[in-house]
Structure formats: structure tokens, C-alpha cells
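Worksheet: one structure, shown below.
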Amino acid sequence: MKRTDTSDPGYYHRVVDCQWACPAHTDVPEYIRLIAQGHFNDAYMVNRESNVFPGILGRVCDRPCEPACRRGRVEDKPVAICRLKRVAADLRDDIADRLPRIPAAKNGKRIACVGAGPASLTVANDLMPLGYAVTIFEALEKPGGLMRSNIPSFRLPDKVLDGEIDMIVDMGVDLRLGQRIQSMRALLDEGWDAVFIGSGAPRGKDLKLPGREAAAANIHIGIDWLESVAFDHVERIGERVLIIGVGNTAMDCCRSSLRLGAHDVKVMARKPRAFFKASDWELEDAEEENVEIIVNHSPREFLIENGRLRGMLFDVMEYDLDERGRILDSRVTGERTIFCDDVVLAIGQDNACPWIERDLGIEFDQWDVPLVDETTFQATRPGVFFGGDSAFGPKNIIWAVEHGHQAAVSIHRHCQGEALEDRLPVTMNLSSRKMGIHEWAYANDYNSAERRLMPHVDLKERFRKLDIEVELGFSPEQAAYEVQRCLNCDVQTVFTDSLCIECDACIDICPTDCLTMTADGSEEELRGRLKAPADNPEQALFASAPLKYTGRLMIKDENLCVHCGLCAERCPTAAWDMQKSKFKFPYAVDEDEAWQSRKRQTA
Amino acid sequence: MSFMPKPRVAHPGLPRNELGLTRRDYEGGMSTLCAGCGHDSITASIIQACFELSIAPHRVAKVSGIGCSSKTPAYFLSASHGFNSVHGRMPAVATGANAANQDLHYIGVSGDGDSLSIGLGQFCHAMRRNLNMVYIIENNGVYGLTKGQFSASADVGSKAKKGERNEQPPIDPALTALTMGGTFVARSFSGDKAQLVPLIKAAMRHRGFALIDVLSPCVTFNDHEDSTKSYAFTRQHYQPAVHTDFVAPATEIMAEYEAGESIKVDLHDGSHIVLRKVSPDHDPTDRASAYAFLRKRQKAGEHVTGLLYVDGSEPDMHMLNHTVQVPLNRLEWDTLCPGSEGLGAILARYR
Ligand SMILES: Cc1cc2nc3c(=O)[nH]c(=O)nc-3n(C[C@H](O)[C@H](O)[C@H](O)COP(=O)(O)OP(=O)(O)OC[C@H]3O[C@@H](n4cnc5c(N)ncnc54)[C@H](O)[C@@H]3O)c2cc1C
Ligand SMILES: Cc1ncc(C[n+]2csc(CCOP(=O)(O)OP(=O)(O)O)c2C)c(N)n1
Ligand code: SF4
Ligand code: SF4
Ligand code: SF4
Ligand SMILES: [Mg+2]
């Protein structure tokens, strides 16, 4: 097996599962340690640097980090990473003086952003400190994009949303609310130095079935309906509601219905539970509120009586699955009528940019999705950038933020006349956590605490008003427990092969049998003959150079290392050391610093 | 010394043995020995062997004397019986325990100091009686616990950490065992689990005294350049003379074992050992030839390892003394206690 090159930041970054899974690479273990030490402001700032909206994301993030969390492989429940982010946001003090300073003298460059969703807001957040004049055009009367118009206030209170959006707008962004851009040509003619399109994926899919037209008054498109609810244009819904689709939008629709007068809410799924798009926790929250989820029902017809919606007719489905759970075949085994007063369609969203003329050099593919470079986020027309849902279709807030960061880097390089591709690389710094002979500057002991449960507002109380936040947040005591569950995966096991005397101490002590000294072989073959099977191919194997006495290799399966430091503690020669990895992901501000110093050097 | 215990969390894919236990269930307390001490690897090998043999931990009695090595029974099989005795006196305690209950597995752990200096007499007599036990000497050439004085196993010319040269000839535990009637004589190295684990398993199944002399570097006091028991020196002079495979009862011996130089040794419980000779001039079933072979190789400066001699047919202490076959704690009271009349009769024999 090839010797592992640990100088490549990618290797150790992958070990920090949560940070690797986070689209914006939030330094999770670092902020969890800061919370453990009671440094909430610092924890908030670590978050803000990468994900910009810690208070918002601490409530509604899609949290790809949690399924990736190592704790979930070692035991079964991951660390409550997302909820700890909220702890930092809830318990912090005023951090105004730690926000970047906005230069009084502008750099003379004007940037237009279309839409005030998380993508555009991130672009503004990254460019304002560099002296750019950023203007955001937003069709609605309030900023925030779908975070405002679609995510219900019982999940994300206005106060939290306002607070974090204001931090950006108050940098001096020229926010033009109620201004829908109708023509890209007209916008370009205004002579902006760059245009960023963060207009989202605004079109909710319709379901063209018999009866659709006749019952239109009681059939709602999910994202439009949620927007009407958010802006108080809709205040009631019928008693019996069917939600079609079982993604996250469906979950918000069914729970909103319950707060607008519905008593009997059914979510109708075409396929079995394993195929649901909604996150487990959103399903749990809906089921806790007594929403019924009905599987294997495929919509066939809207039933009309006296010119009004009366119910829906479904085909009852049966599926043949293979051993990996994939559908091989399906058939209709019967039909079923379900009566209802309203139907909400939550079956997906599409990109739509009807206001972008197709002769401006901005190309779209056959599905009307713009052609966007995956690294630079530039469209086929230089100086025009896409990010968030408008770039590659509906994703989530944290992806929109990361797109915003990358687009800001590109916009900065574009405005300085530099090639967009020559971006700064990701860098890494390692520093030992050794304090004494068996003392480490991190809590290395494995804490067997179980995941804390999020306290919820009482079921009756929460339906009283639309905007009662259901989750109460962790108490400081719960947070104090939960932080101890983090394994500090960023404190890396760093091996110096020339020091190893092959005494076996590390091999014997490792609680999860990560380490083996063995003869060389191919990675695939080695995986089968380690001290414990290395059966998770997603996780790397580390291989040392041949060791000096026997020529064997030190192999480490990263999969289940709990970063307890015992290998380093029991190693007589410090061949293993525990070193904290810190990665630097370059933002527009770093590009700017690098650019300034290049300028100084050539001057 | 580490201050935190080894976390209980384990690899979910760990295999289970016939008792449904994992290797982790055979562990003991956290070692307080120096980081990198060879003794800890031997502990790990004992754990592995007991796990693989599916031995119920409470059917084991661990006995030891005094020394770093003698501390190690605290670090394995925390669910078994144990007696950490007096310096060099472990054989006496083991003899007494075995006399009372011959059904337990006895694992004695000793050091070169404990067995070859203060305890040499006890060590020899336990072999002479063919006491049914596994006797492991964790041999590092020094008194580790008392900070590194030469022990009786130090080689001539080996230097102490501060430069002092050892001039006295060593006592070789394996040669001693061959002379004293040991019925299972092996040598190994803490850093070679592939060899050590099958040896421990075979020793556990051998009826009689099974000595394993395990070279076990003391990283703190005897791992320097001029030491002959350092990791580096041991690796360089390490000479496996026999490959030992332990084969559980009712397991077919694979055909490849039959070929060439392999010897099959039956053990009393139906299991057997398969020995594959590496050196043609060595016969591990012939005491005199094993002795001669060892002497010759020792002169050449080699650490000859493997199962050097075995004889499973010799009677053990209980057979030699015609004692009752049942552990004393399972005898009926009137069988166990002679009564005052019976006692009088016994005493009368000595008047
Ligand atoms: C019901 C629902 C629930 C969701 N829940 C979550 C969740 O819990 N967690 C999560 O991470 N993600 C969630 N998402 C997804 C998430 O909200 C989006 O992925 C994210 O907001 C996309 O950000 P964006 O900046 O690309 O665009 P958007 O947030 O869509 O913002 C685009 C903005 O542009 C404006 N606009 C559009 N066209 C124009 C124009 N021509 N001129 C001016 N303004 C214009 C729109 O009015 C809108 O305000 C949810 C989505 C939906 C529909
Ligand atoms: C009766 C008695 N004499 C002397 C000692 C001091 N003493 C403690 S351990 C030891 C030697 C241990 O050497 P060894 O058995 O080789 O063990 P190691 O520490 O090297 O593993 C001595 C002499 C003692 N504890 N008791
Ligand atoms: S830190 Fe070392 S001992 Fe602890 S789990 Fe990881 S490899 Fe094993
Ligand atoms: S404990 Fe240290 S010296 Fe010993 S085998 Fe492990 S890395 Fe090598
Ligand atoms: S002194 Fe030597 S024998 Fe004792 S624990 Fe330390 S290394 Fe092991
Ligand atoms: Mg010793």
C-alpha cells in the first residue's frame, strides 16, 4: 500500500468527519470545546466565520454533519452538533465589536445580487469588509429568501432571522426590498462590476391530474402556500388536509396546517418509508404532532362534488425490492378514496429564471438550469455568478452559504482582473496537544454520556399560535453533558515512523482496535487482515513507511478511532503524538490579503 | 502510567468466542507499567489466548510474586481468581492452590528476578513435581521494579544503563527447566504474538508444568545500545527454531502440516500441537537433544525460540502423589474431614 501523505490537508480533514461533511467546513470540534469551556462568544464566532448564520442553522440546518459523526458509528447516536450550535447562539453576548470592520473608503467596485436569500447575503457578508458596494434586489418585502418565506416560524423565529440578517445588512448593504428584477439585460446595462444571482429555485411542482382545474381553490402548491402563511395572507385551512409528497416541504406543510385549524392531517407517500426524502428528525417531529404518514399511495384523481374538492383517489401500490432495498418492480393492487377539505402539493421545486433573456451569453441546459462552473460559480458569461438553489437546483441553507463564499472569492478575483481558477489552496497547521507525560490539552477520556433529548413545548400549548417555537433549546446542564460526547476528531494521531521500536504498546491499548503492524499488501487485501475488520471503505487507512526492525507497516483504520490518545500515551518513543489539525479555508478576505501582499512585493 | 482507564467502548465487529465473550471481556485493569514495557504485550497475548480457547474467566487462578512482571495479573482477566504473593514464592502458593483445586487453570506470572534469584529453589521444585500450571517468566535481564539492577538472566558482557558490565554467567530458565524435569519448555518474545499466543494456548492445554520464558524488554532500564535484552538486540538475534500451532480438539489437521518436518504432539484433552521444525538438528520430543541444541545455539549468541521440548505423558503432581481426583471444595464433609478418630490414626503414624 502506498505510504499515506499526511502533509496533504485532505487526509486529516477527512478524519474530522463532521467538518468534512459540512459543505461550509464548520470547525465543529473547536466550537464544541469552546462551548465546554463556556466561551459562547468564541464558539459563535468560529461558526459565523464558516456558516454565517449560526443561530438560524443551529435550528434548521439540514445537518449533513450528524449522520457523518464518528460517535454515531462508535455508539448509535451522533453528537447533537446542530443543537450545540444553537447553544452558542442563544447563550452568547453582544458580538458586534467582533464583526469585521467595514472600510469607509470603498474600493470603487459595485456588485448587484438578485434575491436576499442566504446565498446573496453570504456574498455581501464576504465582500462588504473588502470595500465593495453591494446592492441586493429582493422581490419580497422582507429579506431572508425561503428562510423567511417558507421555513415556518415555529421552527425558526423571526427574531433569530432578523438578528443574523441585520448583522450583514448593517454592514452598509444597499438592500432594495420589493424590487423584482424583471430583465437581466436591463440589470447588466446598469454597468455592475459583477452580478450574483441568488434567486433560488422558486417554482413549486404542480400535479396535473383529473379534477385539478375544478378544485383549484382547495389545492395549494406547498412553497407558495407556506409563503402566504408566512406573510399572513392565509390564516386558515380546512379540517381535513392531505399533503402530497414526503420531503421536508411536506413536513412544514403538515405542521403548519395543524396550526391553522386542521385536525386530521395525512401525508401521502408513493413509496415505502426507506424512500422518504424528509430527514428523520423532521419526520419524528411531525409524527409527534399526530400527523399520519401513509405509504404506497399514488395519487390518481382529485374528486369533485358540487364544484368543490371532496377528496382524492389513490392507487395502492406494491413494490418488489432487491436485497439492497432498491425497487425492482411495482404494481397497483387496488384503489382507495380519502376524503379531505384541502390538498397541499409538496412534490418538489424547479429552477426558473424567466427574467433572464436567453441571448445574453448566459447558457441554460435542457432542463432550464443555468450552466455554472462548480468551483468558480461563474455562468457562461464572465462577471455573472450563480449560487444557492439557483445554481444547481434546490439544496439547503448551508450549501447556499458555501456557494456564496466561493462566489465571493470569484467575484473578488474577477474584479481584480485575476484568473478565477488560481484560488488559494486549503492549508493545514498541526500542533501537539502534549502537556506532560500523560497529560493532554484536550479532554481525551471517553465519556459514555448518551445523547441529550431536545425539550419541546407541550403539544397543546404549541398549537395556540403559529409562531411558538417548538424546540426549547438545550439547558446549560444538557449542553454540558452533550459537549463531552464529542470525540475531538480534529486532535489527530500523528505517526513518525523512524521513532517506532515496534513494542506493540499502541496496538494493545487501542480500545477500538484501529492499529495493526503487518506486512505490506494492497489496501483491499489489508482491510481484510487487520486486527479488527476495516469494513468501512468510506474511511481511510493510514499506512506508514516500512518500520526499521521488521519492515512491517503501521496501519491505522481511521473508522472508529475515538481520539483517546492512549496510543500516544502508551508509546515509549512518542512515535504517536496527538496533534490538533487546524484548516484554513480561504475566503474573499484571505484572497484580498494575498493579493495586497503580492502587490506590495511587486511595488 | 496512564491516569485514565481504557475506555469500555469497542469495535462493534469484534468476534465472539464459544462463550459469547469478546477479547475485551478478558481484559483487566489499566496497566501502571512504563509505556512500551514488553510485559504489557505478554498481557495482551494471555488475553488473546484465553479468549481464543473460550476459557471462562472464573475458571482461572492467576498467581504471581513481586516485580513489574508480577504486577501484570492485575491487567488481565479481571473476572478470575488471583494471588499476588511474596517475592519468589509464587510456586509455593500455586502448589497449595493446585493441591486444593486441580480443576482451575493456573497461570503463574513471574520475572527473571523473581524466579531465578530469590525464587530459584521454588521454581525448580515446582518443575520437579510437574505442577499442572502455566509458568510465564517475563524475562528482561534486570530487576525492573527496583530500578534496573542486573538479574541472574543477564548475559555476560551485557551492560547496565550506566555502563557497568555483567561478568557472571546467566541462568537460562529453559535449560534449567530441561534439567529439572519440566515437561513443556518454550521460549518466545513479547514482540511476536504470532508465536506467543499459540504457545500460551498449548501451555494452557498441557497437563503438567509448562514453562514459557518470554524475552520482554524493559524499555526504561534495559533497552539501551549495549543491552542484550533490548528490542533491537532481540529482533536481531531472534531465532525461531520451531513453528508451533495449537490445534483444538476435533479439528482436522490440515494436510500441509503432515508434510516434511512436522511433528504432532497429542495433549490429554484431545487437542494437539503441531510443531514444524526450522532447524533439522533439533528434536523437540527428545530432552537430551533439545538440551544440546540449546547449548550450542546459546554459544552462537542466538535467542532460540519456539516450543523447545514437550512431553505430555509424564504424571503431574496429583498423579505422582495419588491424591483424590476431585477438588477439595467438592468433597463431602465426611470424606474431606477424617474426624477426630481418623486424625488420631494419622498422627499415630508419625509418633
Ligand atoms: C418548505 C421549505 C423548507 C425548508 N427547510 C429547510 C431547512 O429546514 N433547512 C435548510 O437548510 N434548508 C431548508 N430549505 C431549503 C432552503 O430554504 C433553501 O435551500 C435556501 O433558502 C436557498 O437559498 P438561496 O439563497 O439560494 O435562495 P432563496 O432562499 O430561495 O432566496 C431567493 C430569494 O430571491 C428572491 N427572488 C427570486 N427571483 C427574484 C428576482 N427576479 N428579483 C428579485 N428577487 C428575486 C426570492 O423572493 C427569494 O427571497 C427549505 C425549503 C423549503 C421550500
Ligand atoms: C523478599 C524481597 N526481597 C527483595 C525485594 C525487592 N524486589 C522487589 S522486585 C525485585 C526484583 C524484581 O525483578 P523481576 O522479577 O525480574 O521483575 P521485573 O520488575 O524485572 O519484571 C526485588 C529484588 C522484595 N520485594 N522482597
Ligand atoms: S487515539 Fe489511538 S488508542 Fe485512541 S482510539 Fe485512536 S488509535 Fe486507538
Ligand atoms: S507504542 Fe510507539 S514504539 Fe511501540 S509500536 Fe506503537 S508506535 Fe511503535
Ligand atoms: S521498569 Fe522496566 S520492567 Fe518495569 S514497567 Fe518499566 S519498562 Fe517494564
Ligand atoms: Mg526482570
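The values are calculated or read from the model by the stated rules, or taken from the named source; none is laboratory data. Note that this is a predicted model, so its numbers are computed, not measured. Using ideal geometry, Cβ is built from the backbone for each residue, glycine included, and neighbour counts are taken over all protein chains shown. In case anyone asks, the SASA skips ligands and DNA or RNA and just uses the protein heavy atoms, side chains included. Shrake-Rupley method; radii C 1.70, N 1.55, O 1.52, S 1.80 Å.
Ordered from longest to shortest, the equivalent ellipsoid semi-axes for region A:205-349 are 25, 19, 12 Å, each the square root of 5 times a Cα gyration tensor eigenvalue. Of all lysines in the structure, those lying under 20 Å Cα to Cα from A:K142, and not within fewer than 8 positions of it along the same chain, are A:K159. For the Cα trace of region A:490-539, dividing Rg by the Kirkwood Rh returns an Rg/Rh value of 0.96. Per residue, region B:23-318 exposes an accessible area of 36 Å² to a 1.4 Å probe, with every protein chain left in place.
Of all DSSP beta bridges confined to region A:205-349, the antiparallel ones make up roughly 55%.
Taking every DSSP bridge with both residues inside region B:23-318, close to 40 percent are antiparallel. Taking chain B as a Gaussian network of alpha-carbon nodes connected by springs under 10 Å, the highest mean-square fluctuation of the residues B:F189, B:F51, B:F233 belongs to B:F233. Taking Cα centroids, how far is region A:1-72 from region A:545-579 in Å? After rounding, the separation between the Cα centres reads 24 Å. Two tests apply to each whole DSSP H helix in chain B, Cα reach of 30 Å or more along its axis and mean Kyte-Doolittle hydropathy of at least 1.6, and none passes both.
Which of the DSSP-defined H helices in chain A satisfy a minimum axial length of 24 Å, computed from C-alpha atoms, and a minimum mean Kyte-Doolittle hydropathy of -0.5? Membrane-span-like by this rule: A:397-415. Measuring between their Cα centroids, region B:127-169 and region A:310-354 lie 78 Å from each other. The coefficient of translational diffusion for region A:188-261, derived via Stokes-Einstein from the alpha carbon Kirkwood radius under 20 °C and 1.002 mPa s, stands at 146 µm²/s. Remark: the protein assembly as shown carries a charge dipole of roughly 2380 debye about the Cα centre, counting +1 on each Lys and Arg Cβ and -1 on each Asp and Glu Cβ. Mean partner shielding of peptide B:7-20, defined as the number of other chain Cβ atoms within 10 Å of each residue Cβ, is 5.
Each helix, a run of at least 4 DSSP H residues, gives -39500 (n - 2.57); summed and divided by the residues of chain A, these come to -8000 deg cm²/dmol at 222 nm.
Dividing the mean sequence gap of close Cα pairs (under 8 Å, 6+ apart) by how many residues chain B holds gives a relative contact order of 15 percent. Pair-distance distribution P(r) for region A:70-133, from all Cα-Cα distances in 5 Å bins starting at 0: 4, 13, 13, 13, 16, 12, 11, 9, 5, 3, 1 percent. Distance distribution P(r), region A:289-396, all Cα-Cα pairs, bin width 5 angstrom from 0: 2, 9, 13, 12, 9, 10, 12, 12, 11, 7, 2, 0 percent.
Over all pairs of different C-alpha atoms, chain B has a mean inverse distance whose reciprocal, the Kirkwood radius, equals 21.0 Å. Computed packing ranks the peptides A:160-167, B:204-211, A:4-11 as B:204-211, A:160-167, A:4-11, most packed first, by mean other Cβ atoms within 10 Å.
Of the residues A:V316, A:V344, A:P210, the one whose Cα sits farthest towards the positive end of the charge dipole of region A:205-349 is A:P210 (charges of +1 on Lys and Arg Cβ, -1 on Asp and Glu Cβ, taken about the Cα centre). Each part gets one Cα centre, and for region A:211-285 versus region B:287-343 those centres are 80 Å apart.
Highest mobility in the GNM of chain B, judged by mean-square fluctuation with C-alpha springs under 10 Å and restricted to B:P173, B:P327, B:P73, is found for B:P327. Enclosing the Cα atoms of region A:454-603 in their convex hull gives a volume equal to 247 cubic angstrom per residue. From helices alone, chain B scores -8500 deg cm²/dmol at 222 nm; the rule is -39500 (n - 2.57) for each run of n ≥ 4 DSSP H residues, then divide by the residue total. What residue among B:G181, B:G157, B:P170 has its Cα farthest toward the positive end of the dipole of region B:152-197, where the charges are +1 on Lys, Arg and -1 on Asp, Glu, each on the Cβ? Highest projection toward the positive end goes to B:G157. The chymotrypsin sites (Phe, Trp or Tyr not before Pro) of region A:180-285 that DSSP puts in a loop, and whose beta carbon has at most 15 other beta carbons within 10 Å, are A:F231. Expressed to the nearest 5 percent, the antiparallel share of DSSP beta bridges inside chain A is 60 percent. Apolar share of the accessible surface for the protein assembly as shown: 51 percent from carbon plus sulfur atoms, 1.4 Å probe.
Across B:S45, B:S78, B:S188, mean-square fluctuation computed from a Gaussian network of chain B (C-alpha pairs under 10 Å connected) peaks at B:S78.
Note that region A:435-487 carries a Kirkwood radius of 13.9 Å, evaluated over its alpha carbons pair by pair.
Semi-axes of the equivalent ellipsoid of region A:35-150 are 31, 19, 12 Å, computed as sqrt(5λ) over the eigenvalues of the C-alpha gyration tensor in descending order. Note on chain A: Cα Rg divided by 2.2 N^0.38 Å, N the number of residues, gives 1.06.
Remark: spin-label model distance B:R59-A:D162 equals 7.4 nm, labels positioned 7 Å along the Cα→Cβ axis. Dipole orientation for chain A: of the candidates A:N41, A:G145, A:G163, A:N41 has the Cα lying most toward the positive pole (charges on Cβ; Lys, Arg +1; Asp, Glu -1). Across the alpha-carbon set of region A:270-325, the Rg to Rh ratio works out to 1.09, Rh being the Kirkwood radius.
Rg and Dmax, both from the Cα atoms of region A:402-480 and both in Å, are 23.7, 59.
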